[in-house]
Structures are given as C-alpha cells and as structure tokens.
Amino acid sequence: MNLPIYMDNHSTTRVDPGVVEEMIPYFTVHFGNAASRNHSFGWDADKAVEVGRERLAKIIHADPKEIIFTSGATESNNLALKGVAEMYAEKGDHIITQVTEHRSVLDTAKRLEKSGIRVTYLPVDREGLVDPEEVRKAITDRTILISIMLVNNEIGVIQPVEEIGKIAKERGVLFHCDATQGVGKVKVDVQAMGIDLLSFTAHKLYGPKGIGALYVRRKNPRVRLAPMMDGGGHERGMRSGTLNVPGIVGFGKACEIAMEVMDEEAARLLRLRERLRSGLMGALEEVYLNGHPAKRMPGNLNLSFAYVEGESMLMGLREVALSSGSACTSATLEPSYVLQALGIGIELAHSSVRFGLGRFNTEKEVDYVIGRVIETVNRLREMSPLYEMVKAGVDLKQVKWRKD
Ligand SMILES: *Cc1c(COP(=O)(O)O)cnc(C)c1O
C-alpha cells in the first residue's frame, strides 16, 4: 500500500490508464481541428469526436446529436440555466431548484435573479432529499425550468429524479439535472427519468479535467438554448469554440469503461463503504451519518464526529486525502451549506468529513484509514473540554454559558 491515500473521489478522480492510452495519439498524431473540412487531420479528429459523442450518449440513453461538449459541468450548468432563461423569456421568468445544489447551479440562479428571474429554492429533509410534491406545488404558469441534481457531491444522496421528471412532463416544464456525480456510478436514463437537459463532466468518472457535456433534448420537446459563447457556431450553435479532441476521446473512453464495470464497481464500493462505516461507527461513539442511509451512491460516506473539528481531523491525517465539507467551500471556514440545509446544527456540520471511495481504492487502504481516523478522533477528543464534560455526565444543553 502506498501513501498518501486518495479518498476524495467526489472532488476529482484519477484518470483511468485505458483513458490516457486512448487520448495520447490525439495530441501527437491525430492533432487536427475537428472543424477542418479539407484534410485527413480534420476528418480523423472529427471521426474521433463522433465516437466520443456516441459513447457519451449511450451511457445516459440519449441520441449522439443531443450531446453538446463544454469545458465541464460548471459550464454545462451555466449554459442550461442561462440558456433556458434567455430563450424562454417570453414564456416565463420562474425557475425551481433546491438548496443543496452544486455552487455552479446556485450561483447561476443567483445571477439570474439579478436580471429579474424569480427562483424558488426548495428545502431538503433531514436526510437531504427533496420532496417531489414540493416541486409540484412550486410550479406556476410562469415556470420555465426545474433544476434538481441527481447525486449530491457532499452527502451522496440520490434525489427522486424520476418522479420529478414525471411532474415536469405533466406540467410542460423543462427539467435540467446536474448528474455530474451520478453518471458512471448509478444508472442514468434521460428517457426514463424525463430529463430535458443533463450536465456531466469527465473528471468525476476517471476521465480528464476540462471536458464536460450538456445533454439537450431534441424531441418531445425540442429544447432550444441561447448560447453563452458567440463564435464559429460549433455544437449546433449552442457552444462555439474549437473542440477539445483529446478530452472528448478520453471522456468517451471513460464512459465506455464505466458502462462495462458499473455494476461490479458499485457492488465493490458499497462493500468498501460499509466496511469503512461499520469500522468507524463500531469503534467510536457519537459518530453520525449525514444523508439518507440507503438512497445514496455507493462510494460516498459523510460522517460527523461530534466534539471534533473536521478541519483539525484532516490536519492530523495528512497522509489521507479526504474532504471536510465540500472541496469548493473548504477555502472558507463557513460550515458546509449542504449539511446546514439538513438541519444538523452548526457543531455537527463543522465535525463532518467526506470519504469519497473510488475505482482505485483497496480494502487495505480502507483498513488503514479506519485505524488512523479512530486514533485521530480519540486523540482530539481527549483534548476537548466539551467531550470531557459529556463523559462526566454533564448535559451540555443544560449548561448556561457566559457570554463574555
Ligand atoms: C464537480 C461538480 C460540478 C462541476 O464540474 P466541473 O467539471 O469541475 O466544472 C458540478 N456539479 C457537481 C454535482 C459536481 O460534483
């Protein structure tokens, strides 16, 4: 076993060796511009792009023509929300989303609010799930888009996307789904799920960074988008810019591998995650699971270790790559907005650690991490006056703290 151990697979993943291998010739030999129509360099690049497009379409049950390449899921989310808001401005001005979406959806929604769009941010329950009935109730005759993610990037919960898709169809409202954490890990089917727009990105499924896609439905209904980027009219005019051919080749290969191994990998990761969970929860008291226990993707474990700061824990565990809260918010000391939305309280939100298991993690690594986390939590708790008081039988809720 080698150190450091990478267990932060929701932030990004290692590129699969099979993906790298397939990409290399597209830097060195077939380096053409896919838009060049007059020579074989261009034709080869274009052919590779179309193979990639087919592979992406297959993993989400779409048609290749419905795949628009972008620079990543952040751009896909921006394009979906802003593109619909602008294109359907005459139809309405209301968008429905929910509070635990990725920043790239929430911040885009906030930006749209500044230009007069009204946004409903639905709450989640204690386990992180949106109630589809709340979605139904929020729809008005001015609603043009519902944007609800498939798998949450912090707590791994799987939203009831199929039910929401059904409601969106019934009411004739477009449905966008940020499926970035779901594609390649859980089954995604834009037909069965009633999805009109779907964002995903290569680097969360063992592909390269900087290449993403937006699925844009072409019939029942045909979705139109105002482009964010003006230029050569690539990607059906929705996203101009020279295509990242090696990236697309890698993204396609990553999808192909994911489809092949998905069932087996999910079962293996579930076993590893349960080993990690029971190993930690069996040895330590006052450890709480964040997010629904069953409706979550296999590789995710998000735990709060009461009386221990998540940040301090990671500091004591430098040879293991983990995340406290979301990687995107860990630059600030704000506790994760996702965990706060579950109503678990600020203390437990600060005590959370996200374990993100992936393709390259082994049982040995899991056992090592169990041992080191137990050691670290015990050590930190020994230094915690609060924990001392609890151990001595003091009910912290009854304590009157002095304000000064
Ligand atoms: C990582 C992530 C994104 C952003 O993807 P990039 O390709 O890094 O821009 C968006 N949504 C979710 C749920 C993510 O996990």
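Once the Cα gyration tensor of the chain is found, what semi-axes does its equivalent ellipsoid get, as square roots of 5 times the eigenvalues, in whole Å, sorted largest first?
Computed over the chain, the values are 39, 27, 17 Å.
When you count, for each residue, the other Cβ atoms within 10 Å and take the mean per peptide, how do 71-79, 231-239 rank with the highest first?
With the highest mean Cβ count within 10 Å placed first, the list reads 71-79, 231-239.
Give, in nm to one decimal, the length gained when the segment between ASP230 and ARG318 is fully stretched (0.36 nm per residue of separation minus the Cα-Cα distance).
Additional length available on full extension: 27.2 nm.
For LYS400, list the aspartates and glutamates whose Cα falls under 19 Å from its own Cα; do not include residues on the same chain fewer than 8 positions away.
In chain and number order, the partners are GLU347, GLU388.
By how many degrees, between 0 and 90 and to the nearest 10, does the Cα long axis of helix 245-283 differ from the longest principal axis of the chain?
With rounding to tens, the tilt is 20 degrees.
So, R0 is 22 Å and r is the distance between the beta-carbons of LEU3 and GLU260; what FRET efficiency does that work out to, to 0.05?
It comes out at approximately 0.15.
Let me spell out the model: positive unit charges on the Cβ of Lys and Arg, negative unit charges on the Cβ of Asp and Glu, origin at the Cα centre of the chain. What dipole size does that give, in debye rounded to 20?
Using only the charged Cβ atoms, the result is roughly 620 debye.
Lysines near LYS114 by alpha-carbon distance under 29 Å, same-chain residues fewer than 8 away left out - which ones?
Of all the lysines, those that pass the test against LYS114 - Cα under 29 Å, at least 8 places apart if same chain - are LYS82, LYS91, LYS137, LYS169.
Might you report the magnitude of the Cβ-based charge dipole of region 17-257 about its Cα centre, with Lys and Arg at +1 and Asp and Glu at -1, to the nearest 20 debye?
400 debye
Highest mean first, what order results for 147-156, 34-43 on Cβ atoms within 10 Å?
147-156, 34-43
With each pseudo-label sitting 7 Å past Cα toward Cβ, what's the GLU50-LYS391 distance in nm, one decimal?
Here the answer is 6.9 nm between the modelled labels.
Can you tell me the order of 1-14, 163-176, 350-363, 20-33 when each peptide is scored by its average per-residue count of other Cβ atoms within 10 angstrom, highest first?
Averaged packing, sorted descending, gives the order 350-363, 163-176, 1-14, 20-33.
With the Cα gyration tensor of region 17-257 giving a ≥ b ≥ c as the square roots of its eigenvalues, does the rule (a/c under 1.5 for rounded; else a/b larger than b/c for prolate; else oblate) give rounded, prolate or oblate?
prolate
Using a Förster distance of 30 angstrom, determine the FRET efficiency expected from the C-beta separation of VAL399 and ASN378, and round it to 0.05.
After rounding to 0.05, the efficiency reads 0.80.
Residues of region 28-65 with amide nitrogen under 18 Å from the 7 Å Cα-to-Cβ point of LYS219?
57-58, 61-65
If the viscosity is 1.306 mPa s and the temperature 10 °C, what translational diffusion coefficient in µm²/s does Stokes-Einstein give for region 288-404 when Rh comes from Kirkwood over Cα pairs?
Once the numbers are plugged in, D ends up at 102 µm²/s.
If each DSSP helix of 4+ residues adds -39,500 (n - 2.57) and the sum is divided by the residues in the chain, what number results at 222 nm, nearest 500 deg cm²/dmol?
-12500 deg cm²/dmol
Nearest 10 degrees, 0 to 90: what angle lies between the long axis of helix 363-382 and the longest principal axis of the chain (Cα atoms)?
50 degrees
Every number here is computed from the coordinates shown, using simple stated rules; none is lab data. None of the values given here were measured: they were computed from a predicted structure. Cβ atoms come from the backbone with ideal geometry, glycine included; neighbour counts cover every protein chain shown.
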